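Structure first, commentary second.
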Amino acid sequence: MLQKLRLLFATLVLLAGATFPAEPADDLKPPTGYRQWFHVNTMIVDKASPLFGDLGGMHNVYINATGLAALKKGGPYPNKSVFTTDLHDFTISEGSTVMGDLKGVAVMVKDKKKYAATGGWGFQFFAGGDPNKPVVTDAAKQCFACHEPKKSQDYVYSTYIP
C-alpha cells in the first residue's frame, strides 16, 4: 500500500526531503467541486506497466485557480495551490478506454510554513474518495520521497500542455 501511494502521488506534485518531521496533514479533506477546476491531464496505468499492481487505473489530475498560473510557467506554486487527482478503475471496450469506479482521491496543498518539511506541500489520499478514510500517515515517506527528483519544478510531476 505504501508503494501504491508513493507512485500515485508521483503523478501530482511535491517537495524535497528535510531533516525534521513532517507536519501531519490531518486537516486536509477532498475539496468539493474539484472536477470543475482546470483539468491538467489524464494518465492510464495499465497491465503492461510494472506499476500496475500499485497504481493501476485512470488518474485525472486537476489544479485550483490559485495554482493555475504557476502550472503554466512550471512553478513555483503559491500558498493555497491545490492539486487533486481522482483514481478510477477502467475497462477497455471495443478499443476504447472507459472510466470505472472511483478508487480514491489524492490531495496536495501548498503551505510553505505548515508543510516546510515536505517542501511546502501537504499530502493525503482518501480511499474511495471518502473524507473519513485518510490513508497517508507519514507524508515524508509515503509521498514526498517520490517527488524529490522534481525539485526544479517545485516537486510537481504534472506539466502544462497547451
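The values are calculated or read from the model by the stated rules, or taken from the named source; none is laboratory data. Note that the structure is predicted; figures quoted are calculated from it, not measured. When we count neighbours, we look across all protein chains shown, and the Cβ atoms used for this are built from the backbone with ideal geometry, even at glycine. When the accessible area is computed, the model is the full protein with side chains, heavy atoms only, and any ligands, DNA or RNA have been set aside. Shrake-Rupley method; radii C 1.70, N 1.55, O 1.52, S 1.80 Å.
Quick one: which helices (runs of 4 or more DSSP H) sit completely within the range 1-92 and have at least 1 residues that are more than 29 Å from Lys113 (Cβ to Cβ) and either at pLDDT below 95 or not acidic (Asp, Glu) (or both)?
Counting at least 1 such residues, we get 2-10, 52-55.
Tell me, please, whether a residue that is in a helix (DSSP H, G or I) and open to solvent by less than 30 Å² (accessible area, probe 1.4 Å) can be found in the range 123-132.
no
Kindly indicate whether Val135 is under 18 Å from Leu102 (Cα atoms), aliphatic (A, V, I, L, M) and in contact (Cβ under 8 Å) with a residue 12 or more places away in the chain.
yes
Could you tell me whether the range 142-156 includes any residue that is open to solvent by less than 10 Å² (accessible area, probe 1.4 Å), within 13 Å of Asp27 (Cα to Cα) and touching a helix residue (DSSP H, G or I) at 6+ places or on another chain (Cβ under 6 Å)?
no
Provide a single number: the residues in the range 58-76 that are open to solvent by less than 10 Å² (accessible area, probe 1.4 Å) and either basic (Lys, Arg) or farther than 21 Å from Thr32 by Cβ (or both).
Qualifying residue count, the range 58-76: 1.
Inside the range 77-98, can you point out the residues that are under 18 Å from the mean Cα position of the chain (by Cα) and open to solvent by 10 Å² or more (accessible area, probe 1.4 Å)?
Within the range 77-98, Pro78, Asn79, Lys80, Val82, His88, Asp89 meet the criteria.
If you scan the range 82-132, which residues turn out to be in contact with a Lys or Arg (Cβ under 7 Å, 6 or more places away or on another chain), in contact (Cβ under 8 Å) with a residue 40 or more places away in the chain and more than 12 Å from Lys29 (Cα to Cα)?
Hits for the range 82-132 are Leu87, Lys110, Gly120, Trp121.
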